[in-house]
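So the structure is just underneath, and the comments pick up after that.
Bear in mind these aren't lab numbers, they're just calculated from the coordinates by the rules spelled out. Everything numeric in this text was worked out from a predicted model, so none of it was measured. Heads up, the Cβs are rebuilt from the backbone with ideal geometry, glycines too, and the neighbour counts pull from every protein chain shown.
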Amino acid sequence: MQIIHFIQQPWHWAVGGVLIGLTVPLLLLLGNKTLGISSTLRQICAACFPADISFFKYDWKAQAWNLFFVAGILIGAFLAATFLNGNAPIEVAAATQQRLQAYHLTNYSQLLPAEIFSWSNLFTWKGLIFFVVGGFLIGFGTRYAGGCTSGHSIMGLSNLQWPSLVATICFMAGGFFSANVIIPWIFQWLNA
Amino acid sequence: MAQCLRVIQPINTNFMKNIKYLIAGIFFGIVLVKAQVISWFRIQEMFQLTSFHMYGVIGVGVITGMISIQVIKRFGIKTFDGQPITIPPKKFDKGQIFGGLIFGIGWAITGACPGPLFAQIGLGFTVVLITLLSAIGGTWVYGLWEKKLPH
């Protein structure tokens, strides 16, 4: 049981980084698969709502492995939360805590703020923005960019692909603008 | 909607062939949680430049991946069942700029990219299922407009 106790401790960023990086050769060695999770969203569209759109007419079943992979992510996160203390309170930088307090967010008991991520917010402006609009931007943006953090920032950069560097810089630019301009504005409006 | 059951078809027919990817996914899911990269707070810190954590994780991840791919290429390493390893190159188009900016905005709002969406649901934040459905909707709308968007 020593090993479980060892894993249950909070992980240093370098440990997390190495293990995420090792997923790249792991998938290549398992079956010449390239890490890229946003593709599963396209597969689900192709399977469920193809609607005669040419973008969804492709052999999505050939990529079935990726659906198994994301199902595994869901199970793995559940296991981590249940057995590996994965949902424990985290340290949050004092400067960020200060800003979040101004947003009226003070609950650090889990990895996501309960004040936002709960079903009771679903039919509110907060829910519309953080779940529906946020999710739409992820799905639309990643497909338009031809990949997400895993496909471009981890896999693409690892393989020295310059288009992935352009994509990663744009992910970061969008994120900086969002976190420092849009999100403060959203909370100012929500808490008004 | 009944068509959605089609998603299950390859799961039925190729279960044994694909089970290894399920296990790889479980490993990746545990790592995403324990490295806290699925934390909404960590994403805010990254974009507010108040902590090094996310930069450390992604930076070390890229370096590890880079070394691994170099080793695989240099020594011509094959897959476990002896197939050659080939990695398709990424082609540049303007989508990486426009789409990248759009996704970045969503990343900071939700605190998640596509992988972490699945992990956040597994973590117990079942309401993220709505975010995932909306992301599928966003991908669908991209497919609908694909030809009209600048690339």
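Overview of values
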{"read-out": "Simple Cβ-charge dipole of chain B, Lys/Arg +1 and Asp/Glu -1, about Cα centre, in debye nearest 20", "value": "440 debye"}
{"read-out": "Neighbouring partner chain Cβ atoms per residue of A:35-45, average, 10 Å criterion", "value": "6"}
{"read-out": "Cβ crowding within 10 Å averaged over residues, with A:54-64, B:72-82, B:34-44 ranked highest first", "value": "B:34-44, A:54-64, B:72-82"}
{"read-out": "Percent of Cα pairs exceeding the 24 Å cut-off, where the set is the range B:1-97", "value": "54 percent"}
{"read-out": "Highest-MSF residue in chain A out of A:T168, A:T40, A:T106 [GNM, Cα springs under 10 Å]", "value": "A:T106"}
{"read-out": "For peptides A:72-82, B:118-128, sequence by mean Cβ density within 10 Å, most packed first", "value": "B:118-128, A:72-82"}
{"read-out": "Straight-distance crosslink candidates among lysines, where the alpha carbon sits under 29 Å from B:K148 and sequence neighbours closer than 8 are dropped", "value": "A:K57, A:K61, B:K90, B:K91, B:K94"}
{"read-out": "Three-way shape call for the protein assembly as shown based on the alpha-carbon gyration tensor, with the a/c threshold at 1.5", "value": "rounded"}
{"read-out": "Full-stretch length increase - A:A114, A:Q2 - with 0.36 nm per residue and alpha-carbon distance subtracted", "value": "37.1 nm"}
{"read-out": "Of the DSSP H helices in chain A, those whose Cα atoms cover at least 15 Å axially and whose Kyte score averages 1.0 or more", "value": "A:13-31, A:64-83, A:162-177"}
{"read-out": "Ranking of A:C170, A:C148, A:C45, B:C4 by count of other Cβ atoms within 10 Å, fewest first", "value": "B:C4, A:C170, A:C45, A:C148"}
{"read-out": "FRET efficiency, 1/(1 + (r/R0)^6) with R0 35 Å, evaluated for A:E91 and B:T79 via beta carbons", "value": "0.30"}
{"read-out": "Dipole magnitude of chain A, debye to nearest 20 (Cβ charges: Lys/Arg +1, Asp/Glu -1, about Cα centre)", "value": "240 debye"}
{"read-out": "Sequence-separation-based contact order of the range A:12-156, relative, with Cα cut under 8 Å and 6+ spacing, percent", "value": "32 percent"}
{"read-out": "Kyte-Doolittle mean at least -0.5, axial Cα span of 24 Å or more - DSSP H helices of chain B", "value": "B:15-34, B:53-74, B:128-145"}
{"read-out": "Shape category assigned to chain A from the gyration tensor of Cα positions, a/c cut at 1.5", "value": "oblate"}
{"read-out": "Cβ-placed point charges (K, R +1; D, E -1), dipole of the protein assembly as shown about Cα centre in debye, nearest 20", "value": "760 debye"}
{"read-out": "Peptide A:80-86 - average C-beta neighbours from other chains (10 Å radius)", "value": "6"}
{"read-out": "Per-residue average of Cβ from other chains inside 10 Å of A:95-108", "value": "2"}
{"read-out": "Sorted by Cβ density within 10 Å, fewest first, the residues A:H152, A:H104", "value": "A:H104, A:H152"}
{"read-out": "Burial ordering of A:H5, A:H12, fewest other beta-carbon atoms within 10 Å first", "value": "A:H5, A:H12"}
{"read-out": "Order by protection proxy (mean Cβ within 10 Å, highest first), peptides B:64-70, B:20-26", "value": "B:20-26, B:64-70"}
